[in-house]
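Only the coordinates and a few stated rules stand behind these numbers; no lab work does. This one's a predicted model, so the numbers in the text were calculated from it and none came from an experiment. Cβ placement follows ideal geometry from the backbone for every residue including glycine, while neighbour counts extend to all protein chains displayed.
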Amino acid sequence: MSTVADSNYDLALRDLAQNGFCSFDEFFSGQETSELRAKLDWAISPPFPLGDAAYGMDRGSAQQGEKVPQKIIDAALHDPFFMKLAHHPRILDFVELALGPVIRLNTSTVWLKPPNIGATMEAHQDAAHWKHIQPPRYLTVWIAVDESTLDNGCLHFKRGSHSHGIYPHSLLDNQYCISDPGVVGGESIAVPLPAGGCSFHLGTTVHWSGPNRTQDHRRGAAFTYFSGSSSVADWAEKQHPFPYVRGGPSAPD
Ligand SMILES: O=C(O)CCC(=O)C(=O)O
């Protein structure tokens with residue numbers, strides 16, 4: 001397993017605090033990345049083994065007239081492979097530095113952006129989507145399963161946008177996104193990544209991604225964590241599991 005030096009974590013934490021995001025080009029080993037890619041090749045092929053509820057077919061596929069998933073929803077709840085990945089010690093070591101020792105998993109989504117039809121993700125803040133966790137101290141890791149580039153729809157972030165609260169969002173073309181992205185200040189930074197790299201962003205960081213104009217997949221596995229010191233609304237706790245992935249009630253001493 002490749003390791004990420006502690007000093008890199010220090011620099012990345014500083015970037016996260018200053019800019020609202022940070023990235024690592026080499027975070028996972030070649031073997032880990034190959035296993036993840038093979039798992040996804042299996043998961044997104046007929047007969048779509050994770051079950052209907054796991055696949056989001058919302059954008060792009062309708063035009064093709066065929067079943068082309070655009071995302072896998074709650075991947076960690078549908079398959080132990082993704083739950084294990086959500087517990088990856090190197091991810092959690094970094095999340096712990098940012099959020100503290102008790103960490104829960106909010107969402108686990110694989111953003112698929114299929115060849116040619118993978119659609120734009122409009123500018124948004126993750127924290128605008130989730131009102132059930134207060135205070136909303138989120139951190140998302142976005143793992144590049146394939147190389148992500150400007151051509152296939154890598155992530156873009158607005159530097160410093162995490163410090164300005166939540167911008168008004170509205171539903172546009174089935175996406176809940178910032179109503180007027182023109183009001184968001186700060187420099188736009190594209191973050192292309194090699195396969196096996198990853199970025200981390202805060203719940204209030206404005207981000208988006210372009211369309212996939214290539215013949216190849218652009219897949220990103222994203223896990224959003226939140227601090228165990230935040231409270232989850234009762235209705236949400238009843239409807240959805242938010243597993244403790246580090247620390248918390250069932251953690252060993
Ligand atoms: O993968 C993408 O294109 C979008 C990902 C995203 O918005 C997220 O992980 O918060």
Practice prompt. Report, by chain and number, residues whose modeled amide H sits under 5 Å from the one on Cys22, excluding near sequence neighbours (fewer than 5 apart, same chain).
Written response: Phe200
Worksheet item: Tally Lys/Arg at +1 and Asp/Glu at -1 over every other residue whose Cβ is under 11 Å from the Cβ of Thr205; what's the total?
Response: +1
Worksheet item: Placing +1 at every Lys and Arg Cβ and -1 at every Asp and Glu Cβ, with all other atoms neutral, what dipole size does the chain have around its Cα centre, in debye to the nearest 20?
Response: 300
Worksheet item: Exposure proxy check: Met121, Met57 ranked by fewest other beta carbons within 10 Å?
Response: Met57, Met121
Practice prompt. As a check on your grasp of the helix formula, calculate [θ] at 222 nm for the chain: sum -39500 (n - 2.57) over DSSP H runs of n ≥ 4, divide by the residue count, round to the nearest 500.
Written response: -7000 deg cm²/dmol
Worksheet item: Taking neighbour Cβ counts within 10 Å as the exposure measure, how do Thr204, Thr120 sort from fewest upward?
Response: Thr120, Thr204
Worksheet item: For segment 127-179, max minus min Cα coordinate along each principal axis, in Å, sorted largest first?
Response: 34, 26, 22
Worksheet item: Tell me, which longest segment in the chain has none of the GluC sites (Glu not before Pro) that fall in DSSP loops with at most 11 further Cβ atoms within 10 Å?
Response: 67-186
Worksheet entry | Around Asp216: net Lys/Arg minus Asp/Glu count, Cβ-Cβ under 14 Å | +1
Response to the item:
Dimensionless Rg/Rh of the chain, both radii on Cα and Rh by Kirkwood, sits at 0.93
Discussion item. Need the full-extension length gain, Gln239 to Asp10, defined as separation in residues times 0.36 nm minus the C-alpha distance. One decimal, nm.
Written reply: 78.7 nm
Worksheet item: For segment 235-241, in order, what is each residue's ³J(HN,Hα) by Karplus, 6.51 cos²θ - 1.76 cosθ + 1.60 with θ = phi - 60°, in whole Hz (x at glycine and Pro)?
Response: 4, 6, 4, 6, 8, 8, x
